[in-house]
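Chemist: Pasting a structure below so you can have a look.
Nothing in this text is a laboratory measurement; each read-out follows from the coordinates by a stated rule. Remember, predicted model here, so these are calculated numbers, not experimental data. Heads up, the Cβs are rebuilt from the backbone with ideal geometry, glycines too, and the neighbour counts pull from every protein chain shown.
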Amino acid sequence: MGLLKWGRTKSPWIIHFNTGGCNACDIEVVAALMPRYDIERFGIIIRGSPRHADVLVVTGPVTRQVKDRLVRIYEQMPEPKSVIAVGSCAISGAPFADCYNVYGGIDTVIPVDVYVPGCPPKPEAIINGIVKLIEKLKAG
Amino acid sequence: MTEETTEENEIVRKMKHLIGKNVLESEVTRPRRIFILVNKKVFGKAIRYLTKRMDFSHVSTITGVDVGEEIEVIYHLNRAGTTELSLKVRVAKDKLVLPTITDIIPGATLYEREVHDILGVIFEGHPDLSPVILPEGWPSDVYPLRKEWTIKKIQKKVTKGGKR
Amino acid sequence: MSYPTIRIPFGPQHPFHIEPEYFMFEVDGERVVGVKPRIGYVHRGIEKATEDRTFIQNLYLIERICGICSHAHTTCYTQAIEEILGVEIPPRAKFIRTIIAELERIHNHYLWLGLAAHEIGFETLFMYSWRDREIVMDLLELVSGNRVHYAMNTIGGVRRDVTPEIVEKIRKGLDALEERMRYYKKIAMTEPTISKRATGIGILKPKDAIALCAVGPTLRASGIKRDVRADDPYIAYDEIPFNVITYDGCDVISRLFVRCDEVFESVNIIRYAMEHLPEGKIRIKVPRRVPEGEAVSRVEAPRGELIHYAKTSGTTKPERYKVRSPTLGNIPSLCKMLVGGYIADIPIVIAGIDPCFSCTDRMAFVNINNNKQWILSGEELRRYAIKWYRKE
């Protein structure tokens, strides 16, 4: 495994973005950082800027107001980058999928690598999603 | 009416005394809940009376409802945290204007803006009716809470005609 | 005077700033002289969507208006529909709804404490309070099956019962939560970092609070004794004794103390409710078709007065459903509090109203003297504020 790849898979840096969700998934994402689940022990750190991040963790259905911002954040991330869609809203927009101000799931706007279902998914499920992503990165 | 609702009935009685047959409908649905529909031409008088003389100084929110030819605007007023009086006034769609109440109760500012966004009611005298919840680029003739705009119709129009 | 706002493709969400929002500030040196809020990034169009769903389907939609006050929203909703139906839920259901509501309040205040600590750079308190928050999340999961979005309410009562074993576990959890909050309150009272950042900051005078229709702890920290649970009782609050907490400071630290003390009150309410839990059914059957009618339902959510308006027309779906969350009620007051303060105070003052959009995503600044404009992300502003206060 090359040094860069080793660095990325050993310690993925994350940036989190909410595209109009109810906050439930965001609370569970932040709970994953807290002492009880503590994803930092896996080398995962949350960064403040997309330019420093390997992984974009997105929650919420994409509202019209936020769509451009989501695309911009994705474009600012350096290659190679990955996206994890956390929660039912991020996957399909449900239960807001037919609301007038909602586009749909995240993958209607940017490509997604890992989907973590749940409403909201528990922190364990979110960590599992990140681990799956790391395995995917290691594999190819 | 039971003894419990006497205070509410008293309020209704005072309103009727103030504006007479311009109280078009009134109902005390339960303790601490009053609904009154007034004629638009006495709206200013009614709201001033309730907020300044009857101590309904808290605006919980303002609701707009599309009832066909008209928009019904409901002012949910509260007195001392307890009794909630919903003052309703109907405005014809072809002349969708009401005076602002932000000169009496500044806290109503965002509620009026919201009703303006989603139903198109113009609150005359409001300092700033710019969009508050609808996104930029939203087409100006699409009022989402109007019955003629179904969700499917909105989505078609906004994806095609709007900037998004 | 209106300034053009610059849209600079800029920095991201701060990970702890949960919902995106937007403020524009007019500044004169280090002082804020004007604020314009622009919400709507999370506007989904829920009210319209309720008209296309049955009353039971709407239960799950309305629960997801907010991930933190989901029980408050469903309580408000079921109350409105039950009122129109003219049904009274069983006494046991009222008590269970109350227990969950107060557990949710404790959860919210612990969460808030952590986020507020984070705003002023007090990371240790953030970590500690969020670790303790797990206690109440475990209790909620025990009772309802989920840590967030408990889905306990249904039209006609609650869906799950509380067993004696659960009651015992809740008692133990409450003892721990109460003891921890005593410790954090002591820290808040004695720790100079907190005091410097929160005392005398974000002033909201009582007459402004009333004129701007403030709600919740924000209102109560300006000395106004208003609480929907006491003034307009619902579920079991007319049967359970408790105190409405007010403080006179009108500043951010008063808002903090109000929330700390409310946790103690919530603990006592839950203890009383469990001790006096009535026997009997937990739900009654209700028809699918709701007769024509309307209702206004009010609930004291953790952030303040929550109000729903329901209008039905005799079908299986609502005619109109209106929701006004407490945060919207506090935005005018928030703008008032920010004007006259320093730029460095912005993060903690915004956090002080416990907004359901946590701090802002981007804040635009305009200097009124030279028309210079710039944008800071929430994270940058937070760091700026911490550094600024360290210099003082």
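Chemist: So for the protein assembly as shown, Kirkwood radius off the Cα pairs, Stokes-Einstein at 4 °C and 1.567 mPa s: how many µm² s⁻¹?
Modeler: 50 µm²/s
Chemist: For the range B:3-133, what is the percent of antiparallel DSSP beta bridges, rounded to the nearest 5?
Modeler: 75 percent
Chemist: D for the range C:227-271, whole µm²/s, Stokes-Einstein with Kirkwood Rh over alpha-carbon pairs at 10 °C and 1.306 mPa s: what number?
Modeler: D, rounded to a whole number, is 140 µm²/s.
Chemist: Further question: Count, for each residue of B:130-138, the Cβ atoms from other chains sitting within 10 Å of its Cβ, then give me the mean as a whole number.
Modeler: Counting Cβ atoms of other protein chains within 10 Å of each residue's Cβ and averaging gives 6.
Chemist: Highest mean first, what order results for C:341-348, A:70-77 on Cβ atoms within 10 Å?
Modeler: C:341-348, A:70-77
Chemist: A further question follows. What does the average come to when, for each residue of peptide A:66-74, you count the partner chain Cβ atoms lying within 10 Å of its Cβ?
Modeler: 4
Chemist: Please label the shape of the range C:247-287 as rounded, prolate or oblate, based on the square roots a ≥ b ≥ c of the eigenvalues of the alpha-carbon gyration tensor (a/c under 1.5 means rounded; beyond that, a/b larger than b/c means prolate, else oblate).
Modeler: Judged from the Cα gyration tensor, the range C:247-287 comes out oblate (a/c at least 1.5, b/c at or above a/b).
Chemist: Between the DSSP loop rule and a limit of at most 12 other Cβ atoms within 10 Å, which GluC sites (Glu not before Pro) in the range B:42-149 are left?
Modeler: B:69, B:148
Chemist: Still on this structure, I have one more. Quick check: the angle from helix C:91-119's long axis to the longest principal axis of chain C, C-alpha only, nearest 10 degrees?
Modeler: 10 degrees
Chemist: At a Cα cut-off below 16 Å, give the aspartates and glutamates reachable from residue A:10, other chains included and same-chain residues fewer than 8 away excluded.
Modeler: Of all the aspartates and glutamates, those that pass the test against residue A:10 - Cα under 16 Å, at least 8 places apart if same chain - are A:38, A:40, A:54, A:135.
Chemist: Could you list C:163, C:246, B:82, A:59 in order of exposure, starting from the residue whose Cβ has the fewest other Cβ atoms within 10 Å?
Modeler: Listed from fewest to most nearby Cβ atoms, that is C:163, B:82, C:246, A:59.
Chemist: Efficiency by 1/(1 + (r/R0)^6): what FRET value for residue B:10 and residue C:368, r their Cβ-Cβ distance, R0 = 41 Å, to the nearest 0.05?
Modeler: 0.20
Chemist: For the range A:9-139, state what percent of all Cα-Cα pairs lands in each successive 5 Å bin, counting from 0 Å until the bin that includes the largest distance.
Modeler: 2, 12, 23, 25, 21, 12, 4, 1, 0
Chemist: Classify the range B:3-133: rounded, prolate or oblate, from the alpha-carbon gyration tensor (a ≥ b ≥ c, eigenvalue square roots; a/c under 1.5 rounded; otherwise prolate if a/b is larger than b/c)?
Modeler: In terms of gyration-tensor shape, prolate.
Chemist: Same structure again: Considering only C-alpha atoms, what is the centroid distance from the range C:193-245 to the range C:42-96, in Å?
Modeler: Distance between centres, Cα-based: 25 Å.
Chemist: Quick one: grab the alpha carbon gyration tensor of the range C:43-167, order the square roots of its eigenvalues as a ≥ b ≥ c, and give me rounded if a/c is under 1.5, else prolate or oblate depending on whether a/b is larger than b/c.
Modeler: oblate
Chemist: Order of A:115, C:384, C:183, B:111 from fewest to most other C-beta atoms within 10 Å?
Modeler: Placing the least packed residue first, the sequence is C:183, C:384, A:115, B:111.
Chemist: Still on this structure: When ranked by the protection proxy of mean other Cβ atoms within 10 Å per residue, highest first, what sequence do the peptides B:54-66, C:122-134, B:92-104 form?
Modeler: B:54-66, C:122-134, B:92-104
Chemist: Residues of the range B:122-153 with amide nitrogen under 20 Å from the 7 Å Cα-to-Cβ point of residue B:52?
Modeler: Answer for the range B:122-153: B:124-127.
Chemist: A further question follows. Can you work out the Karplus-derived ³J(HN,Hα) for every residue in the range C:313-324? Use 6.51 cos²θ - 1.76 cosθ + 1.60 with θ = phi - 60°, whole Hz, and x for glycine or proline.
Modeler: 10, x, 10, 8, 10, x, 7, 7, 9, 10, 10, 10
Chemist: What order do you get for A:52, C:71, C:149 when you list them from fewest to most C-beta neighbours inside 10 Å?
Modeler: The order, fewest Cβ neighbours first, is A:52, C:149, C:71.
Chemist: Sticking with this structure for a sec: Cross-link partners among lysines for residue C:94, C-alpha distance below 26 Å, same-chain residues fewer than 8 apart left out?
Modeler: Result set, ordered by chain and number: C:169, C:172, C:225, C:281, C:285, C:311, C:317, C:322.
Chemist: Using a Förster distance of 60 angstrom, determine the FRET efficiency expected from the C-beta separation of residue C:225 and residue A:5, and round it to 0.05.
Modeler: 0.45
Chemist: Taking 41 Å as R0, compute the FRET efficiency from the Cβ-Cβ separation of residue B:152 and residue C:279 and round it to 0.05.
Modeler: Efficiency, rounded to the nearest 0.05: 0.25.
Chemist: A further question follows. Among C:368, C:72, C:240, flag the residue with its Cα farthest along the positive direction of the charge dipole of the protein assembly as shown, charges on Cβ as +1 for Lys/Arg and -1 for Asp/Glu.
Modeler: Going by the Cα projections, it comes out as C:368.
Chemist: Which whole number gives the average count of other chain Cβ atoms within 10 Å of the Cβ atoms across peptide C:319-325?
Modeler: Mean shielding count: 5.
Chemist: Under a point spin-label approximation (7 Å from Cα along Cα-to-Cβ), what is the residue B:94-residue B:124 distance to one decimal in nm?
Modeler: Distance between label points: 1.8 nm.
Chemist: Counting other Cβ atoms within 10 Å, keep those with at most 14, restrict to DSSP loop, and tell me which GluC sites (Glu not before Pro) in the range C:292-359 are left.
Modeler: C:292
Chemist: Where the centre of each part is set by its Cα atoms, how far does the range C:314-338 sit from the range B:32-59, in angstrom?
Modeler: 20 Å
Chemist: I want the antiparallel fraction of DSSP beta bridges within the protein assembly as shown, as a percent rounded to 5.
Modeler: 65 percent
Chemist: Under a 5 Å amide H to amide H cut-off, with H placed in plane at 1.01 Å, what residues pair with residue C:301 once short-range neighbours are removed?
Modeler: So residue C:301 has HN proximity to C:306.
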